[in-house]
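The values are calculated or read from the model by the stated rules, or taken from the named source; none is laboratory data. Every value quoted in this text rests on a predicted model; they were computed, and no experiment measured them. Counting neighbours? That spans all protein chains shown, and the Cβs are built from the backbone with ideal geometry, glycine included. What goes into the accessible areas is simple: the full protein's heavy atoms, side chains included, and nothing from ligands, DNA or RNA. Shrake-Rupley method; radii C 1.70, N 1.55, O 1.52, S 1.80 Å.
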Amino acid sequence: MMPRIRVSLIYLYVLLALVLLFTSITLTGHTVQGRQRMEGERRIAARFLLSDLCLSTESRHTRHLSQPELLAAFQDLPGFHDHFPSSSFIRPQKLNWQGVVAQETLRRE
Amino acid sequence: MNRWLNILDYAIISLLRRRRKQIALVVIYTLVVAFFASVIFFTGALRQEAVYVLSDLPELWVQRLAGGRLVPIAQSKIDSIAVIRGVKRVLPRLWGYYYDSPSGAVFTITGSDSLPKGLKLLDAAIGGGLDSNQVFCGSGFPETHFTGLGQQLGLIDYKGCLHSFEIVGRFSSQSDLLTRDLIILSPSAARKILGIAKNNYTDLAVEVWNPDEAETVGRKIDRLFPSVRVVTSAQLRSTYEALFSHRGGIFIYGALISLFSFLILAWDRASGLSREERQELGILKGIGWQISDVLWMKFWEGAVISLTSTICGLVLAYLHVFYLNAPLLRPFLIGWSVLYPEYRLQPAFAFSEVLLIVMLAVVPFIAATIIPAWRGAVTDPAEVMQNG
């Protein structure tokens with residue numbers, strides 16, 4: 001007599017295969033080329049003193065997130081943003097001593 | 001063990017009886033999880049990239065303000081800052097923006113006179129410093145102007161005069177995330193194009209001997225020169241760490257809302273057992289199933305659907321972000337940019353992120369299936385079979 005095929009076992013094997021597939025793609029995803037590229041970028045940034053990633057070029061404050069430009073609205077601190085689509089991704093930081101200083105500088109001037 | 005497998009067998013067969021509905025549910029569930037997981041993977045990889053690439057920068061950035069605007073900083077400030085105790089080196093920067101009317105793109109111009117040796121991401125025709133008529137550029141300018149190494153690049157200075165430069169180096173498109181819009185000129189040429197006078201610089205990068213003292217040195221500079229603003233590298237890093245963080249970012253909100261709205265729908269659907277399902281529970285109890293067996297059966301039904309969808313969603317999200325380069329997410333970030341980088345992200349795998357996705361996707365769904373089943377299971381089987 002043929003042994004009964006258990007659907008539960010088939011399902012558990014399929015689930016295990018999916019878990020193994022996900023684990024293998026995450027473990028093999030880190031490539032040597034990727035690491036070398038990041039290392040190369042790190043050297044370029046340090047050599048040419050590039051303070052920001054080129055994520056977006058639509059406005060000054062999203063091109064250079066860490067270099068606030070006081071002329072633009074709300075640009076008091078790194079990470080402050082204006083009304084551009086890419087701005088929606090950026091959470092402004094809390095005001096700290098630099099921000100306080102920047103405001104005082106403005107008042108003095 | 002056999003008992004569990006029997007209950008799981010029954011749960012799967014029960015799901016297969018309503019296969020069309022269940023397949024539709026698994027497909028939608030998978031897509032929702034895939035979107036949410038894509039956002040988590042994409043933002044995690046970008047954060048990893050920023051933190052690593054920007055890890056070797058000087059600790060302080062000093063900028064001069066006048067009338068609320070950034071203005072060039074004089075050479076004399078460099079000399080004054082260099083003698084502050086704790087300061088190792090002051091590195092002046094010459095940089096600014098250049099609007100290129102033929103392409104409509106905005107480029108970043110940087111002044112630098114020499115090349116780092118052995119840079120794999122730069123294809124350079126020269127080995128030493130840049131002459132005043134030579135230029136290195138990212139992949140943006142050659143692509144928008146259909147030029148390449150050895151060809152000419154024209155830039156108009158702030159007085160309106162056209163200057164021609166020979167492209168002697170081009171950054172590989174692999175470094176687009178950093179250099180896409182970059183144009184590197186010799187310091188004298190950069191001054192000419194940006195309109196910065198001799199002995200003036202855009203801003204200063206300050207290296208300190210002890211990074212732990214960076215904030216103290218920063219305060220000192222700030223007190224000594226009332227018109228300057230000091231940005232610390234900690235602030236710079238936290239800007240990128242905050243970028244796309246779980247609390248910030250429309251993507252995260254959008255993805256969470258879609259996940260929760262799906263779960264609410266699933267809850268709504270599952271919370272009212274259909275007449276057929278109630279009768280099934282009644283029959284099962286009538287033939288001797290215990291309440292705990294019925295609950296386990298419902299638990300496995302929910303687990304089969306949610307685990308299958310979540311794992312399929314995770315695989316889809318990973319392929320979407322790291323193999324297909326996130327075609328559904330990147331356009332949001334590009335916004336109105338004319339020039340945008342074609343980057344391939346290095347996967348950043350964090351177990352906590354996967355755990356978060358699994359917890360958010362699996363637990364509420366299983367809860368949504370078990371609670372109504374419990375209500376159905378505790379009612380009298382005879383009553384359920386008679387009344388439905």
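Here are the numbers for this structure:
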read-out	value
Per-residue average of Cβ from other chains inside 10 Å of B:303-314	3
Rounded accessible area of residue A:38 (nearest 10 Å², 1.4 Å probe)	10 Å²
Acute angle (nearest 10 degrees) that the helix B:214-224 long axis makes with the longest principal axis of chain B, alpha-carbon atoms	50 degrees
Simple spin-label estimate for residue B:91 and residue A:5 in nanometres, 7 Å along Cα-Cβ	6.5 nm
Top of B:376, B:313, B:67 by mean-square fluctuation, Gaussian network on chain B, Cα under 10 Å	B:67
Interface B:A - total buried accessible surface [probe 1.4 Å, Å², rounded to 100]	8100 Å²
Largest to smallest accessible area among B:109, B:257 [probe 1.4 Å]	B:257, B:109
Per-peptide average of other Cβ atoms within 10 Å, ordering A:7-17, A:41-51 highest first	A:41-51, A:7-17
Average beta carbon contacts from partner chains per residue of B:171-181, 10 Å cutoff	5
Euclidean distance between Cα centres, segment B:66-100 to segment B:148-173, Å	25 Å
Radius 12 Å from Cβ of residue A:36, net charge of other residues (Lys, Arg +1; Asp, Glu -1)	+3
Around residue B:321: net Lys/Arg minus Asp/Glu count, Cβ-Cβ under 11 Å	+2
Nearest-10 value in Å² for the accessible area of residue B:320, using the 1.4 Å probe	20 Å²
Accessible area of chain B divided out per residue, in Å², using a probe of 1.4 angstrom	45 Å²
Cross-link partners of residue B:285 among lysines (Cα-Cα below 29 Å; sequence separation of 8 or more within a chain)	B:21, B:298
Segment A:7-48 - accessible surface per residue (Å², probe 1.4 Å)	55 Å²
Rounded to 5, percent antiparallel among DSSP beta bridges of segment B:80-212	75 percent
Mean ellipticity per residue at 222 nm, deg cm²/dmol - from DSSP H runs of n ≥ 4 across chain B, formula -39500 (n - 2.57)	-16500 deg cm²/dmol
Helix B:291-318 axis, angle to chain B major axis (alpha carbon atoms, nearest 10°)	30 degrees
Aspartates and glutamates with Cα under 18 Å of residue B:220, excluding same-chain neighbours fewer than 8 positions away	A:104, B:59, B:79, B:203, B:207, B:212
Flagged links, alpha-carbon separation over 25 Å, of B:120/B:192; B:120/B:159; B:120/B:198; B:77/B:159; B:88/B:120; B:77/B:192	B:120/B:192; B:120/B:159; B:120/B:198; B:77/B:159; B:88/B:120
Linear extension gain, residue B:31 paired with residue B:161, 0.36 nm per residue minus alpha-carbon span	41.3 nm
Of all accessible heavy-atom area on chain B, the percent that carbon and sulfur account for (1.4 Å)	60 percent
Reduction of at least 50 Å² in accessible surface, 1.4 Å probe, comparing all protein chains with the chain by itself, residues of segment A:1-36	A:6, A:7, A:8, A:11, A:18, A:22, A:25, A:26, A:30
Whole-angstrom Cα spans of segment B:1-118 along principal axes, big to small	83, 45, 39
